[in-house]
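See structure below.
The values are calculated or read from the model by the stated rules, or taken from the named source; none is laboratory data. Small disclaimer: the values here were computed from a predicted structure and weren't measured. So basically every Cβ, Gly included, is an ideal-geometry build from the backbone, and we count neighbours across all protein chains shown.
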Amino acid sequence: MNQRQRNKTWLGDIYDDLTNLEINTIVKREINGSIPPEFDEVLRRLHDRYLAKLRRIIDNNRLDFKLEVASHSSFKALHKNLTDFQKYMAEKTILIEDKDYSIFLRMLRLMEFIMDSQEEVLIRTNASAIASGRNSEKEAGEKDVVAPTQKNVRLYSMDLDQIIFYDFRKVNPRLKARIRRMFDMNTEQIAMQTRFGIDGDVTSRISEDFVSLDQKMLMDVHELHTKLSIQYWKDLVSTVFDIVTRIFGKVFK
């Protein structure tokens, strides 16, 4: 990707961020105050959660769909199982529960996002040899020591079973933020959702499964999140406007 393409992609990302605002409120069974995990752990746990959720959807709906077992764990393999399951439902005209289907679509869209990102990460090419038991150069012996080399692999297809050998420091921050947000949402059902469009259109939805809960508490929490998001959005627009003004100001001077 050349500099012009990168600039075009960056501008497209900024445009998407500025013209779309979405606030989601979820209800979790339990919340712990643990420190947010590192990005490598987020990727591994997100994959395992999504795969487990897909299995539960299949079991809960008593379907005869068989998941394909890959040689190693990857988002690519998970994506294939999700798309195969989507084709299976279409071919057999199967309708699953709405809450399961909404979560299924959320998982599928994230896999498509990761695939389309073309993001690459760095890995040591002799990682598999180290993982198989050679934990140190002394254990391997001088003759067996292989100088580590590095190569780029796609985040979409990387081997999650050897995730400790990958370097995520140069991963696109926007991609990281999207994945972390989906990790935080987990596979929980969204209780309330509000979307703002650039044209001023606002859409709010509440899941009927949560109507029996304390609606005032949900509304108060959702309203607070909405106010915070709008303020953040306003600050972001102001910052981008200042940056663009300075750039074009220098260009036309």
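See the values below:
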{"quantity": "Some residue of the range 32-47 being under 18 Å from the mean Cα position of the chain (by Cα), modelled with pLDDT under 95, buried (at least 17 other Cβ atoms within 10 Å of the Cβ) and not in a helix (DSSP H, G or I)", "calculated": "no"}
{"quantity": "Selection within the range 97-112 - under 17 Å from LEU51 (Cα atoms) and touching a residue at least 12 places away in the same chain (Cβ under 8 Å)", "calculated": "LYS99, ASP100, SER102, ILE103, PHE104, ARG106, MET107, LEU108, LEU110, MET111, GLU112"}
{"quantity": "Residue match in the range 173-180 (condition: in contact with a Ser or Thr (Cβ under 7 Å, 6 or more places away or on another chain) and at pLDDT 85 or above)", "calculated": "yes"}
